[in-house]
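The values are calculated or read from the model by the stated rules, or taken from the named source; none is laboratory data. Just so it is clear, the structure is predicted and the values come from calculations on it, not from any experiment. Cβ placement follows ideal geometry from the backbone for every residue including glycine, while neighbour counts extend to all protein chains displayed. Side chains are part of the model used for accessible areas, which takes the heavy atoms of the whole protein and leaves out ligands, DNA and RNA. Shrake-Rupley method; radii C 1.70, N 1.55, O 1.52, S 1.80 Å.
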Amino acid sequence: MQLDSKLPHVGTTIFSIMSRMAAESNAINLSQGFPDFNAPRELLDAVTEAMLSGQNQYAPQNGVEELRVAIAKKSEAIYGANLDKDQEITVSSGASEAIFNAVTAVIHPGDEAILFDPAYDCYEPAIRLAGGVAKRIPLKFPSYDYDWDQVRDTLSPKTRLIMINSPHNPTGKILRDQDIEALTTIVRDHDCVLISDEVYEHIVFDGEPHRSFLKYPELRERSFVISSFGKTY
Ligand SMILES: Cc1ncc(COP(=O)(O)O)c(C=O)c1O
């Protein structure tokens, strides 16, 4: 049977290619986060204990309550954001699923979404599967600064979404105060949703703060802020 791909131009991800090459040539693999140490014994014991004590049922769709309470407490402690555990926090199977869910929830056929290039490789396929069109704006070497004038020029009545990733994979670029101000002004004049991919929120150097969208009420009210257990924990 011949299957007709919905994404015929999406090949194998660069991560799989690089990891295969690293394995084949016995090289150190810096392309994907493969820690060379095991998970802590306490964590493994706690997971085993939970499974042995019969906690093997379907989880609630938006995530186990204790976990959502813990996420709310953490967001309050770190970003001063008072999040409603039932209405504003959803646990997904990784950030990739959260990105897919958020994109497909807001993009309708013909909608445009602005991305910054290089963009994490699951963004555009999700936009396309939802029938949307990705508008890519380069972060230019060597500064990788955001060109907010270009963002303004790219915005159209069809723009439904802007996707930001700070700290940025792979450049390490982080949003500064002037970027937050520029973006806030732009979205004030243009009714669009934001996805803030903050999976590297705890990997920031040089004493810089992480500027989470949860800290800025005008951004927060229109944002999906996406974190991950897969990077820091
Ligand atoms: C920028 C960025 N967003 C999202 C993800 C996906 O995170 P997860 O492993 O939680 O699905 C990654 C993973 O490398 C990433 O680099």
- Message: Accessible area of the chain with a 1.4 Å probe: how many percent of it is carbon plus sulfur?
- Response: 54
- Kindly report, to the nearest 10 Å², the accessible surface of V69 as traced by a 1.4 Å probe over protein heavy atoms only. 50
- Query: From the backbone phi of region 46-58, what are the Karplus-calculated ³J(HN,Hα) couplings (6.51 cos²θ - 1.76 cosθ + 1.60, θ = phi - 60°) in whole Hz, Gly and Pro given as x?
  - Reply: 5, 5, 4, 4, 5, 5, 5, 8, x, 7, 10, 8, 4
- Task: Measure off 7 Å from each Cα along the Cα-to-Cβ vector at Y233 and M1, then give the distance between these two points in nanometres to one decimal.
- Result: 3.8
- Once both labels are modelled 7 Å past Cα along the beta-carbon direction, what's the D153-D189 spacing in nm? 1.5
- Note on the structure: Cα extents of region 24-80 along the principal axes, largest first, in whole Å, come to 45, 37, 23
- Query: For M51 and H202, what is the calculated FRET efficiency with R₀ set at 25 Å and r taken between the beta-carbons, to the nearest 0.05?
  - Reply: 0.35
- Counting other Cβ atoms within 10 Å, keep those with at most 13, restrict to DSSP loop, and tell me which chymotrypsin sites (Phe, Trp or Tyr not before Pro) in region 120-224 are left. F205
- Task: Rounded to the nearest 500, what is the 222 nm mean residue ellipticity of the chain from helices alone, with -39500 (n - 2.57) per DSSP H run of 4+ residues and division by all residues?
- Result: -10000 deg cm²/dmol
- Task: Of the listed pairs K85/K215; K74/K135; K85/K140, which have alpha-carbon separations greater than 27 Å here?
- Result: K74/K135; K85/K140
- region 46-173 - Debye-derived log10 I(q)/I(0), Cα point model, q = 0.12, 0.22 Å⁻¹: -0.64, -1.24
- Note on the structure: Rounded to whole Å², per residue accessible area for the chain with a 1.4 Å probe reads 63
- Message: Treating the chain as a set of equal point scatterers at the Cα positions, no solvent, please give the Debye-formula log₁₀ I(q)/I(0) at q = 0.07, 0.14, 0.15, 0.16 Å⁻¹.
- Response: -0.27, -1.07, -1.21, -1.34
